[in-house]
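Participant: Dumping the structure here so I can ask a few things about it.
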Amino acid sequence: MDPSSPKPPPAGARPPAAPPTGAPAPDTPPADTPPAAARPPFFAAVRRDVRVGVRSGLHTFWILARAMIPAYLLALVLKEVGVIDWLAHTAGPVMSLLGLPGDAAVPLAFAYILNLYAAVGAMQALSLSGQQITVLALAMLIGHNLLVEGAVLRRTGMNPFLFGALRVVAGLSCAAVANLIMSTL
Amino acid sequence: MSDLARTFLEGSFDLLWRVFLIVVPIMVALELFEGSRPFGAVVRGWSRLVGRLGLTEDTAAPTLIGFLFGLAYGGGVIIRDTERHGFGRRQVFLMSVFLSMVHAIVEDSLVLVAVGASALWVIGFRTLWAVAVTAVLGAAATAFARRRRPS
């Protein structure tokens, strides 16, 4: 917006991945557009953008699919062999730190292993106060779908286990702090 | 066991379909609007906010997408932009920390607000928390890097 800020120049500059096809622009490049490359006419530009977009969308979709599906299968198997039940059982005592009943560990475990929808389903089986729902919601919103999202994160080069642990710890502490604040208000 | 196979097949299809329906249009929209002026203004405004956390203008766009639409979709944009621009590890780290604390602010929050959570807390407090965690871990990473490579 204002040229006075000491920001490095144009961030949006596209790499020359797809050379402009089509006619050689009757051009009047607006003064502030960085790429000096000839601008194709409007519709050609739109067509090219859509084509590049679809291609990169499919490419990304393929990367995501390959990461997500195995993680999803693992999550289902973990549920099948009772890991969710075990987690809920072990985490029960921790729940009192958040002002929640021990049962609340069940939806939380569903959130960690599966996803928010499964967790919300499991949450419906409990009777919680408004404050308890909000506290539990914070813990679940920060940490959920750890396997599938961890698989995505791994593609960016980060360690999915460290990030999973971070989300669990930060989510629980966020919920605990929120519970403290709400209880004193 | 066949139950599991069925759940897996149906669930996978559902998951892939939803990802497809969101990722491809987002990528097309990004291509179309990336160079435009309003988009640039929004990203610059946003990057001024997240710039305090150490994110650059390049990483601001994928962070915004992830913040709004989700880690899977935002992660998609991160993957794409990392391939294109080659972000440094520090940038990817900061982005990942921020996004793993808060993402899909629209969809996920709605789901929980619908079942009775307070919107103010699940959106406002969660975002504040994400900012705090990112600031702390960013500072920690800086300190750590400095100790290993004193200059």
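Participant: About the Cα centre, and with charges only on the beta carbon of Lys, Arg (+1) and Asp, Glu (-1), how big is the dipole of the range B:44-100? Nearest 20 debye, please.
Facilitator: Here the size comes out at about 140 debye.
Participant: A follow-up question, please. About the Cα centre, and with charges only on the beta carbon of Lys, Arg (+1) and Asp, Glu (-1), how big is the dipole of the protein assembly as shown? Nearest 20 debye, please.
Facilitator: I would put it at about 1140 debye.
Participant: Something else about it: Taking the Cα atoms of the protein assembly as shown, what is the range of coordinates along each of the three principal axes, in descending order and whole Å?
Facilitator: 70, 51, 41
Participant: Let me ask something else about it. From the C-alpha gyration tensor of chain B, pull out the three semi-axes of the equivalent ellipsoid (sqrt of 5λ each), sorted largest to smallest, in whole Å. If you can, show how the numbers build up before the last one.
Facilitator: Values: eigenvalues 165, 82, 69 Å².
Three semi-axes, in Å: 29, 20, 19.
Participant: Taking only the Cα atoms of the range A:69-184, how large is their convex hull per residue, in Å³?
Facilitator: Given the Cα convex hull of the range A:69-184, per-residue volume reads 91 Å³.
Only the coordinates and a few stated rules stand behind these numbers; no lab work does. It should be emphasised that the depicted structure is a prediction, and the values quoted were computed from it without experimental measurement. All Cβ positions, glycine included, derive from the backbone under ideal geometry; neighbour counts span all protein chains shown.
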